[in-house]
Structures are given as C-alpha cells and as structure tokens.
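The numbers here are math on the coordinates, done by the rules we state, and not lab data. Remember, predicted model here, so these are calculated numbers, not experimental data. All Cβ positions, glycine included, derive from the backbone under ideal geometry; neighbour counts span all protein chains shown.
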There are 2 protein chains.
Amino acid sequence: MDVSVKGEYALRAVFELACRDSDEPIKIAKIAERQRIPQKFLELILSQLRQGGFLGSRRGTDGGYFLARPADSITVGDILRHIDGPTTPARRLEQGDVANDSPFPELWQKVERALSSVIDRTSFADLVMRWKENRARKVVNWDI
Amino acid sequence: MDVSVKGEYALRAVFELACRDSDEPIKIAKIAERQRIPQKFLELILSQLRQGGFLGSRRGTDGGYFLARPADSITVGDILRHIDGPTTPARRLEQGDVANDSPFPELWQKVERALSSVIDRTSFADLVMRWKENRARKVVNWDI
DNA sequence: GTCAATCTCTAGTAAATTGATAGAGAATCC
DNA sequence: GGATTCTCTATCAATTTACTAGAGATTGAC
C-alpha cells in the first residue's frame, strides 16, 4: 500500500523531462542534481523507462534523455506500474469458486478501481499544468 | 502500492471472527486452519490486533479470540493501517515551500483519498453482508 | 580518427523487510 | 495439579530495496 522510492524517483524524473517543452535531451547528471536523486541509481531507472518506451535517449556530448511520447499520453500509473509492478497482485483479484470464496477479491477490485481513477487519469501534462498554476498563485501571494 | 501477506492474513482473520455473530472465542488453531494461515505467524498477528484494541482474547480451554468491538465499527482500513502502517508516508503528503515545491504531494493526497474512500468505508459488517448475499446467489444458481 | 562526454549494461552489496519458526511463560478451567 | 490455550521474546532464511562500481558502446567535435 505504498510506493517505492524508486517509483517516486521515476515520477520525478519524468516530470522533470515533461517540464521542458523542448525536445532537446537533458543529461542524467542534471536530472539527478535538480531532483536530488543518486545519479547511478537514476541511470538504472531512466534506462528502464527507456526500455518501457516512455523515454528516448542520445549519447555523447549534448546527449541525454527526453520524452518519447507527448506528456499528455504518459500517466502516473504507466510509470508506477512499469517500475514497481502491478498495484495489486493478480491472484488477489481472482474470484474463488463456490467452495472457497471470500469477500476480498471484490474488495481488491474496488481498491484497484479507486487507485486507477487517480493514477491512470493523471498525465504528466496534467501535473505540469497544475504545478505551473500553483506556482503562479504562490508568486502572486508573495507579491502582496 | 501493495498489501503485505501479513495484512491480508489479518483481514481474513478478522473476517473469520466477524462471521460468527456469537461472542464465544474462536481458537487460533481453528482460524489458522479455516483460513490457511501458518499458525505461529497468525499468533503474532492476532496478538497485535488485540493490542490495537480490535480483538479480545481468553486463555485456557474454551479460550480464543473474539471481536472487541461490533463488526460495523471496524473497517478494512483500520486493520490494514494497524498492521502495515500508513498507506502513504507522511513526508510524501507534505506540501513543500515555494523554493522546493512539486506537484506530487497533491497527487499523493488524491491517491490517499481515493484509497480511503474504499478501505475506510468498508466495515467487516459490510464484508460479511456482501459475502452472504453472494453466497446465496451462487447456491441458487447451483440449484437451477 | 581520436578524444571527451555521455549513455548502457552487468555485477555486486549492505541494510531492511518479509514471512515465517521455536520455545519458555502465564492464564484459565476442570 | 494438569491440560489447554494464549503471550512474549528471540531468531532466522530469503527476498527486496536502495544504491555503488566499473567496463563498454555511441555520439559529436576537432
């Protein structure tokens, strides 16, 4: 009932890439620094996200990572499930037969749906938009 | 984003106790057998649930465990949080200051609310009720 | 073509967590 | 007093988590 640190790092890294609208690659070192993520650990995570088709990369000077798809087509759920695995193990969702039934598969399905209604409906475009709005509000308050 | 086996055992054990409307204690061995839970492991879990005020117990012959409160006043969330800890670590829910803000505390709060809308609103009385209804339906289908 | 920068891949690893087990001790009832 | 059952502390193997090390492969600049 919790997200791993790795999953959180993955979300922060993708968010960092989604914030830049340009397609030019951002270096691992830069993401690591800005999001305070151990660099070597982040390398593994980014590589895994690339293998999942979420990110693209380029090597060499001016290399780095970038979104492989538009930010509004990548959801928080996509990233979390790719990094941390399924939110609920399949066997918990299966209805038992008459002999061995229990109320729990139905419960886990409800939990799954509730969770999904948030994580699968929040794209990184949404996150960036909300973040910019909040940011604007705070700056205004500061000015008063 | 998952529940431990221990948490699942705890739910099954409390459900087992909630199914009996009588207040007479049920032995650990019986619960372990009926719910297929390793007995020694279950002992720890039941003891922890007793310390949390959810269960009561009696020793000796005719001893066992029983609900300390009515089944409609114990929720799935109560048990899960007592056994597995908070569903989202507090630090993830905290809003950062202007200098270091991010869209994630808001996200985690939404996740938390979505989860809560299921687990904190499902009591063991609900589970027993639904289970009995389902059971009745299945038996009817068998008879046809 | 070589050099520097950067991603990529395979290992390894210390610490924590998970899912248990063992066994002595304490209460309850006959 | 003895049988039964819960209670408490300790221990443990396996797995997972969070992270590090280092050699290798690309890329672009010169």
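For this structure, a couple of remarks:
- Applying a threshold of 21 Å to the alpha-carbon distances of A:K6/A:K110; B:K6/B:K30; A:K6/A:K27; A:K6/A:K40; A:K110/B:K132 flags A:K6/A:K110 as lying beyond it.
- Dipole in debye (nearest 20) - the protein assembly as shown, about Cα centre, beta carbon charges: Lys, Arg +1; Asp, Glu -1: 440
- Electrostatic tally near A:A13: other residues with Cβ closer than 13 Å to its Cβ, Lys and Arg +1, Asp and Glu -1, net +4.
- Over all Cα atoms in the protein assembly as shown, the spread is summed up by Rg and Dmax: 23.5, 77 Å.
- Between B:S22 and A:E43, the FRET efficiency from the beta-carbon distance, with R0 = 45 Å, is close to 0.15.
- Rg to Rh, two decimals, where the stretch B:11-82 supplies the alpha carbon set and Rh follows Kirkwood: 0.92
- Each Cα pair under 8 Å and six or more residues apart adds its sequence gap; the mean of these over the residue count of chain B is a relative contact order of 26 percent.
- Each other copy places its own label point for A:A136 at 5.5 nm from this one, sorted shortest first, where the point lies 7 Å along the Cα-to-beta carbon line.
- With its label point put 7 Å out from Cα toward Cβ, A:Q95 sits 4.4 nm from the same residue's point in the other copies, in order from shortest.
- Each Lys and Arg contributes +1 and each Asp and Glu -1, all at the Cβ; summed about the Cα centre of chain B, the dipole is approximately 580 debye.
- For the axis carrying chain B to chain A: nearest C-beta residue of B, whole Å: B:A114, 2
- Across the identical copies, the label point of A:S73 (7 Å from Cα in the Cβ direction) is separated from its matches by 5.5 nm, in order from shortest.
- Its relative contact order, with pairs defined as Cα atoms under 8 Å and 6+ residues apart, puts the stretch B:28-86 at 25 percent.
- Shape call, the stretch B:52-144: gyration tensor on alpha carbons, a/c limit 1.5: oblate
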